[in-house]
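Below you'll find the structure, written out as structure tokens, and then a few comments.
Just so you know, all these numbers are worked out from the coordinates, no wet-lab data involved. Predicted model, so just to flag it, every value in this text is computed and none were measured. A quick note on method: Cβ atoms are made from the backbone with ideal geometry, for glycine too, and the neighbour counts reach across all protein chains shown.
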Amino acid sequence: MEQKSIPGQDALVPPDADLAQQYLAAADAVAGRRDRAIDRRALAWLQILNAAVTAAYLVAFALVLRNDDVIASQAILFTFLVWGQLASGMAQRNGMQWRMTRSRWPVILGGGVLLAAALVVFGLVALDTALPAGTVLIPAGMVLLGIGGHGAVQLLRASRDPRRPRPARVPLPAPLRWGTVLVGITVGVLTMLAGSPDDVLRSVISLLVMMTLLAWIVVFNTPLGLPAIGAAWRWPHVAMFFVAACVPVGLTLAGESFGNRGLAGVLGGVVVILLFALVSFVPGRASRG
């Protein structure tokens, strides 16, 4: 590489062979530390999972809106916001860096355009009940193909990365254990909200849950924050969250088949809280330090 001297300064003396080798060794060491900090395979799987979760929520949200149940749709939205915060902690523990580099702009712009298009289609199929119910799958399919497809490409690129050792399993610290229980209480209250037959009571509870959730998101950078909880979770905790999130959706979409919908909501909410209390004792992932 040709050197261009700075006006008024002498040209740099080219390094000898030993010094050049040290520079190359230092560059390799930096690349090694980067590879140890960033788990590209785990991030790709997380992106695929997020695409599937987003697609599922779009379908559930559209079906609830087509039934003119706005309050129940808010409960579904709150659950999705909780997952978004938990997933951000999982991404950070695997080395995800929220930096807007030049190489990421095409991906960010393309993803933004795709999401905007999916939301437009979502609005059409959710609000126009004259369209067949199966059309709710269109925006979900767009998200799966776009975001999930990009995750699959990233997974292929990371296929040659070395396999990482399994993370150590450690008991959840007290703040994270109580945070896990609080997540269960939140989803449990949303389940009771979905089953409540009183619209006034549902509106009041929905407002309280929204204020609590917003306050929880504001304190995201604390040991009780949702990202910290998500970073410590393993698959049993994540599986429990998804099972619990399906309960209020099921109550909303098939509430009449339960007979006493209010009682079903209360029982479902209590079961969700108890299950999260139990799963809070399942060992989590050790901190990356």
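Counting pairs of alpha carbon atoms under 8 Å apart in space and at least six apart in sequence, what relative contact order in percent does region 51-200 give?
37
Rounded, prolate or oblate for region 114-267? Axes are the square roots of the Cα gyration tensor eigenvalues, ordered a ≥ b ≥ c, and the cut-off for rounded is a/c under 1.5. Since a/c reaches 1.5 but b/c is at least a/b, the shape of region 114-267 is classed as oblate. For the pair V243 and I108, label points projected 7 Å from Cα toward Cβ lie 3.9 nm apart.
Extension gain, I38 to V271, is 80.1 nm, computed as 0.36 nm per intervening residue step minus the present C-alpha separation.
Quick one: divide the alpha-carbon radius of gyration of region 44-143 by 2.2 N^0.38 Å and tell me what you get.
For region 44-143, the normalised Cα radius of gyration comes out at 1.20.
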